[in-house]
Amino acid sequence: MCGIVGYIGIREAAPIIVEGLKRLEYRGYDSFGIATLNSTLVTMKKCGRISENEHCAVDLEGKVGIGHTRWATHGKPDDLNAHPHTDCTGSIAVVHNGIIENYAELRRELRERGHAFSSETDTEVIAHLIEEHYAGDLFDAVREAITHLEGSYAVLAMAQDDPRIIAARNASPLVIGIGDGELLAASDVTPLLDHTRKVVFLEDGDIATISPEQIIIWNGNGPVERSVSMIEWDVESAKKGGFEHFMIKEIFEQPDVFFHTASSLKDGAVIDAMRECGSMILVSCGTSYHAALIFRYLAEKYCSIPVRVELASEFKYYTPPLQGMVIGVTQSGETADTIAALKKARQFNCTTLGITNVLDSSVTRIADHTIYTRAGPEISVAATKSFIAQLAVFLQIINLLQDNQCEEVMAMVHRQIEDSLLIDLQGAVDACGRADHVFFVGRGPYYPVALEGALKMKEISYIHAEGYAAGELKHGPFALLSEKTPVIALCLPGESYGVMLSNIKEMKARGAPIIGIGIEGDRELEEIVDIMVGLPKCHLFGGILMSSVVLQLLAYHTARMLGRDIDKPRNLAKSVTVE
Ligand code: F6R
């Protein structure tokens, strides 16, 4: 996720773009760049935050321009990898959000045809493709160029000899703002609101020609009409896409995050190293630790690979020998304990892998291999989409180790995450909101799902929540059960289903109100629980993902009902860089 702004009209473009990019820094903040057209096309690119480097844009002249604030996905954050990217002649410039999945192949073909690349990004292929098709009309060239792209994109393009901006969208948002004698384009409405409230949202497949007075939109072989909307939000709500908090916005991004992350991981050197490693040790903290625990159950079940999962903060106290591949799972890539654990693994000559959401973060410099999750910047302190992205990586690893046998299931999971966003949780939220203590229980891979549900609940609602393996409750915690301690019980089909039903009956017999999370229409479960949260019928992968999302939503709505500071819970930081 990055931010895009374009301007064409009666005023100088650069200052408007700079202000717009500042509004978008919540979407990307590694580097930024702007191209403007006066008599020539001039491009400026800079690593770092725009708010600290805006003086770099003062010399840019022209009443048309495009800009970008980057959150790196392909290629480290530096001046060269910053957008805009240009063609071989420097007379075509593009900014892009999204991921071009076939960029490696396109880059190789373009190189063979003589194009010289100056960055490591997937975006640069778009500039060179436009160059190949350019014969005096930028619209035609962009239209041809995008037929070669696979993946997601929101693109703005400019050319030295064409006074317009061309915009194209597929699976990545792009919105046009209509001003008085001027038009703006952006990846969301935030930078537009200082100038206009009249906007047009482009749809997938749209290509728009933007000149100061008008916008013409094509889709397929002909022009299309798109309605004009009036935006009522203020800037703060616009940053959240109209959602009340970043956390809920990020929860709703999860279907896309899952899809992009899973589809970006392909067979190759890392998967080969896993095939050869014999065993794995996963080290991580907090939410990442829970994702790792889920992987353990699945990797052992589906791939017969022995997997150990350790809290990174305890890893230093374990006595070697260490064997196999050691995997550090850390969304930030900076967690001190996880970094220390990987350093220890290196001392024992283990192959190391980092799974992280942040390009060029510390973990990528320590580990032999890196797999990136594609969650985009996560603003809410409580991890949600980065967790789902880690699960996407783990499920895709299992799929690849099984020679793509889970492909169909993976496609279903993506849609089921969408379904789980719509499930009614009001009864469960009311029950949790009234309680001082809540238990979350599950078995097998649903045990770490329960741990994660409890973590989310405690960190944002401040209600004391315990995640437990359902079979362990009778070994002590039963003493705490009463009509005042709701139990969230994950009871989905699978090898633990029958024994979970018995556990639920035991808990109910001790007076605890039971909120069952199971499959819609499961009469046996419905009969014994007090509140039923029904999920659509699903495979184990879908059950894990859907129940995880439901528990995130349960924590969110409970915290919201209690009026908590959801995006910035007390005493917590997004990245924990001390041991
Ligand atoms: C909980 C949460 C934390 C992190 C933990 C590890 O919502 O965000 O528990 O999961 O601090 O962080 P990373 O994954 O950055 O190593």
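The values are calculated or read from the model by the stated rules, or taken from the named source; none is laboratory data. Just so we're clear, the structure is a prediction, and the values are computed from it rather than from any experiment. As a convention, Cβ positions derive from the backbone with ideal geometry for all residues, glycine included, and neighbour counts pool all protein chains shown. SASA here: full protein model, heavy atoms, side chains in, ligands and nucleic acids out. Shrake-Rupley method; radii C 1.70, N 1.55, O 1.52, S 1.80 Å.
Values as computed for the structure displayed
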quantity: With every protein chain in place, the chain: carbon and sulfur % of accessible area (1.4 Å); calculated: 48
quantity: Cα Rg over Rh - the stretch 223-312, Kirkwood; calculated: 1.20
quantity: Positive-pole candidate from 139, 380, 252, dipole of the chain, charges at beta carbon; calculated: 380
quantity: Filter on 456/568; 76/568; 458/508; 240/568; 343/458; 316/343 - keep pairs with C-alpha separation over 21 Å; calculated: 76/568; 458/508; 343/458
quantity: Tail weight of P(r) past 20 Å, computed on alpha-carbon pairs of the stretch 240-405, percent; calculated: 47
quantity: Potential extension, residue 117-residue 10 segment - 0.36 nm per residue separation minus Cα distance; calculated: 35.1 nm
quantity: Lys, Arg +1 and Asp, Glu -1 on Cβ, resulting dipole of the stretch 413-579 about Cα centre, debye, nearest 20; calculated: 320
quantity: Residue 483 versus residue 88: modelled label distance in nm, points set 7 Å from Cα along the beta carbon direction; calculated: 8.1
quantity: Equivalent ellipsoid semi-axes - Cα gyration tensor, the chain, angstrom; calculated: 45, 27, 21
quantity: Where labels lie 7 Å past Cα in the beta-carbon direction, separation of residue 267 and residue 499 in nm; calculated: 3.6
quantity: ³J(HN,Hα) computed for each position of the stretch 97-106 - Karplus, 6.51 cos²θ - 1.76 cosθ + 1.60, integer Hz, glycine/proline x; calculated: 10, x, 9, 8, 6, 9, 5, 5, 5, 4
quantity: Potential extension, residue 403-residue 301 segment - 0.36 nm per residue separation minus Cα distance; calculated: 35.2 nm
quantity: Nearest-20 debye value, the stretch 448-519 charge dipole, Cβ charges on Lys, Arg, Asp, Glu; calculated: 220
quantity: Under 5 Å, built H, 5+ apart or other chain: amide partners of residue 151; calculated: 101
quantity: Radius 12 Å from Cβ of residue 427, net charge of other residues (Lys, Arg +1; Asp, Glu -1); calculated: -2
quantity: Equivalent ellipsoid semi-axes - Cα gyration tensor, the stretch 136-291, angstrom; calculated: 37, 24, 12
quantity: Karplus (6.51, -1.76, 1.60) ³J(HN,Hα), θ = phi - 60°, over the stretch 22-31, in Hz, Gly and Pro reported as x; calculated: 4, 5, 9, 4, 5, 9, x, 8, 7, 6
quantity: Estimated FRET transfer efficiency (residue 411, residue 52; beta-carbon r; R0 41 Å; 0.05); calculated: 0.45
quantity: Contour excess over end-to-end distance, with Cα ends at residue 211 and residue 275 and 0.36 nm allotted per residue; calculated: 17.6 nm
quantity: The stretch 240-405: relative contact order in percent, alpha carbon pairs under 8 Å with at least 6 residues between; calculated: 29
quantity: Environment charge at residue 437 (Cβ cut-off 9 Å; Lys +1, Arg +1, Asp -1, Glu -1); calculated: -1
quantity: Net dipole in debye of the chain [+1 Lys, Arg Cβ; -1 Asp, Glu Cβ; about Cα centre; nearest 20]; calculated: 1720
quantity: Scattering curve values for the stretch 413-579, log₁₀ I(q)/I(0), Debye with Cα scatterers, q = 0.15, 0.18 Å⁻¹; calculated: -0.77, -1.10
quantity: Cα long-axis angle, helix 286-303 against the chain (0 to 90 degrees, to the nearest 10); calculated: 80
quantity: Pair residue 204, residue 475: separation of 7 Å Cα→Cβ label points (nm); calculated: 4.8
